[in-house]
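Working notes, beginning with the structure itself.
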Amino acid sequence: MTAVILNPVTVVNSVDNPIPVTITALENVDAQTGTTYTIATADVGKLVTISNGSAVAVTLPQATTSGYGAGFWFDIVNLGAGAVTITPTTSTIQGASTLVLKTGSGARIVSDGTNYFVQPGSRTFIAGQTIKTGVATATLSSNAVTVTSYFTQITTEALTTAAGASQALVITLTGAAATDICLLTKAGGTNTRKNFQLEAVMTTNTCTITLYNTEPTNAINGTVIFNLWIMKA
């Protein structure tokens, strides 16, 4: 009986008395607890776990780099409270510049030698578990703001939009696409004129929100707070 070991695969067979080949594949774990990490060639075939209470930046070397070419793959899961942002160097990941994993989310990432592709993992919720969506807050300046979360509560500046007039609010979000869906809900503010409407139009990396003041005579008289939820197509 001879054993040929191809880490992490073991193939067992007998030349004199052939028997069915038994293959045992082992997936090792690379546990990371910092706020930054660069995927290594040694992570091929491993599960990279990320656990930190703050946001974590994961760098993925370009898919044309030696060791990261076609067939390179690894699994990754976010075990911490902070969002994990995976950013390839030059290459794209599922056609985008970044991939964000919220708490409890995971994925298998595969290289085709030029870019990276994602096989999303499923998330199992445990009884009593708090579901976190990575909601962020942002405040507009000159009626514009850049956000990094697909779930954001946004506060405008003190608006004075006249009755029957409108005001454009520009939200920049890298990775957003024209085919994405944007949902809006009113959430308060200092403005006491409640007759207004919000409309969202998605374009590449931008969500333009138009506030229409439907008051017959009164101008908007303060800040407006609204919740923004962008759903990937």
Subset of segment 178-233, residues in a loop (DSSP other than H, G, I, E, B), within 21 Å of SER149 (Cα to Cα) and among the β-branched types (Val, Ile, Thr), comes to THR179, THR204, VAL224
Among residues of segment 157-190 being surrounded by fewer than 16 Cβ atoms within 10 Å (Cβ to Cβ) and of a type in the set (D, E, K, R), the residue nearest to PHE226 (Cα to Cα) is LYS186
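Only residues that are surrounded by 13 or more Cβ atoms within 10 Å (Cβ to Cβ), hydroxyl-bearing (Ser, Thr, Tyr) and without any contact (Cβ under 8 Å) to a residue 40 or more places away in the chain: list them for segment 204-213, please. Break it down into steps so the answer makes sense when it comes.
Of the residues in segment 204-213, the ones surrounded by 13 or more Cβ atoms within 10 Å (Cβ to Cβ) are 205-213.
This time we only want the ones that are hydroxyl-bearing (Ser, Thr, Tyr), so: 206, 208, 210, 212.
Residue satisfying the conditions is THR206 alone.
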With the first residue restricted to segment 60-87 and required to be over 14 Å from ALA107 (Cβ atoms) and touching a residue at least 24 places away in the same chain (Cβ under 8 Å), and the second required to be aliphatic (A, V, I, L, M) and surrounded by fewer than 22 Cβ atoms within 10 Å (Cβ to Cβ), Cβ contacts under 6 Å at 6 or more apart or on different chains are PHE72/VAL44; GLY82/ALA55
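Could you say whether any residue in segment 171-186 is more than 22 Å from the chain's Cα centre (by Cα) and at pLDDT below 95? If you could, list the steps in order and put the result at the bottom.
We begin by selecting, within segment 171-186, every residue more than 22 Å from the chain's Cα centre (by Cα); these are 186.
Checking the rest, the ones that are also at pLDDT below 95 come to 186.
Looking for residues that are more than 22 Å from the chain's Cα centre (by Cα) and at pLDDT below 95, one finds at least one in segment 171-186, hence yes.
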Listed by first then second residue, the pairs whose first member lies in segment 102-117 and is over 20 Å from GLY45 (Cβ atoms), whose partner is of a type outside the set (A, V, I, L, M) and crowded, with 17+ Cβ neighbours inside 10 Å, with beta carbons under 6 Å and at least 6 positions apart or on separate chains, are LYS102/GLY134; THR103/ASN78; SER105/ASN78
Going through segment 191-203 in order, the residues found to be over 31 Å from the mean Cα position of the chain (by Cα) and surrounded by fewer than 14 Cβ atoms within 10 Å (Cβ to Cβ) are THR192, LYS194, ASN195
Taking segment 89-103 and keeping residues under 13 Å from the mean Cα position of the chain (by Cα) and at negative phi leaves ILE93, ALA96, SER97, THR98, LEU99, VAL100, LEU101, LYS102, THR103
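The values are calculated or read from the model by the stated rules, or taken from the named source; none is laboratory data. The shown structure was predicted, so the numbers you read here are calculated from the model rather than taken from an experiment. Neighbour counts run over all protein chains shown; Cβ positions are idealised from the backbone, glycine included.
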